[in-house]
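Below: the structure, in structure tokens.
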Amino acid sequence: QVQLVESGGGLVQPGGSLSLSCAASGTIFRILQMGWYRQAPGKQREMVALISSGDSTNLADSVKGRFTISRDNAKNTVFLQMNSLKPEDTAVYYCKLTVAVRGNYWGQGTQVTVSS
């Protein structure tokens, strides 16, 4: 069984920063990709940032230049550094883990609220 534990969400003012982390534990086969998605009220879940096993990254256009994704392979942990946050970044952020054979796992989600 694989578990994903997210942390780091909260309330921040516009222009502020937050850092999210997601640690994977359990019986984990070869990790292909880790990443972050978000879902705002009344909207579909969307991709925010992905990082492959080879450390190539893919960021949504709306967060390029503001968000950075990174990972610690030894700890099976992925990070999302969010700078210059905007009210439209408000959402529940979900961690996603893609492994060989078994497919995708999702975290429980962490709330990020950007408001003055």
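The values are calculated or read from the model by the stated rules, or taken from the named source; none is laboratory data. The structure displayed is predicted, hence computed values, not measured ones. Backbone-built Cβ (ideal geometry, glycine too); neighbour counts: all protein chains shown. Just the protein is used for accessible areas: all its heavy atoms, side chains included, with ligands, DNA and RNA removed. Shrake-Rupley method; radii C 1.70, N 1.55, O 1.52, S 1.80 Å.
In region 98-116, which residues are open to solvent by less than 70 Å² (accessible area, probe 1.4 Å) and of a type in the set (S, T, N, Q)?
Once the filter is applied, which keeps residues that are open to solvent by less than 70 Å² (accessible area, probe 1.4 Å) and of a type in the set (S, T, N, Q), region 98-116 yields T98, T110, T113, S115.
What's the total number of residues in region 72-82 that are open to solvent by less than 30 Å² (accessible area, probe 1.4 Å) and of a type in the set (A, V, I, L, M, F, W, C)? Looking only at that region, the number is 3. Close contacts from region 41-56, counting a first residue that is touching a residue at least 12 places away in the same chain (Cβ under 8 Å) and assigned to a loop (DSSP other than H, G, I, E, B) and a second that is exposed (fewer than 12 other Cβ atoms within 10 Å of the Cβ) and among the charged types (D, E, K, R), with Cβ to Cβ under 8 Å and a gap of 6+ residues or different chains, come to S53/R30. Taking each residue of region 100-113 that is closer than 18 Å to P87 by Cα and looking for partners that are not in a strand (DSSP E or B) with beta-carbon atoms closer than 6 Å, six or more apart or interchain, yields T110/G9; Q111/G9; V112/G9; T113/T90.
For region 83-97, does any single residue satisfy the condition of being assigned to a strand (DSSP E or B), without any contact (Cβ under 8 Å) to a residue 60 or more places away in the chain and either open to solvent by 50 Å² or more (accessible area, probe 1.4 Å) or in contact with a Lys or Arg (Cβ under 6 Å, 6 or more places away or on another chain) (or both)? Yes, that holds for at least one residue. Scanning region 1-55 for residues being closer than 12 Å to Q108 by Cα, out of contact with any Cys (no Cβ under 9 Å at 6 or more places or on another chain) and exposed (fewer than 14 other Cβ atoms within 10 Å of the Cβ) gives a total of 1.
For region 78-101, residues that are of a type in the set (K, R) and farther than 21 Å from V12 by Cα total 1. Name every residue in region 59-71 that is over 10 Å from S21 (Cα atoms), surrounded by fewer than 18 Cβ atoms within 10 Å (Cβ to Cβ) and in contact with a strand residue (DSSP E or B) (Cβ under 9 Å, 6 or more places away or on another chain), in order of residue number. Passing the criteria: A60, S62, G65, R66, T68. If you check V63, V48, which single one turns out to be of a type outside the set (S, T, N, Q), within 14 Å of the chain's Cα centre (by Cα) and over 15 Å from K96 (Cβ atoms)? Result: V63 is the single residue among V63, V48 that is of a type outside the set (S, T, N, Q), within 14 Å of the chain's Cα centre (by Cα) and over 15 Å from K96 (Cβ atoms).
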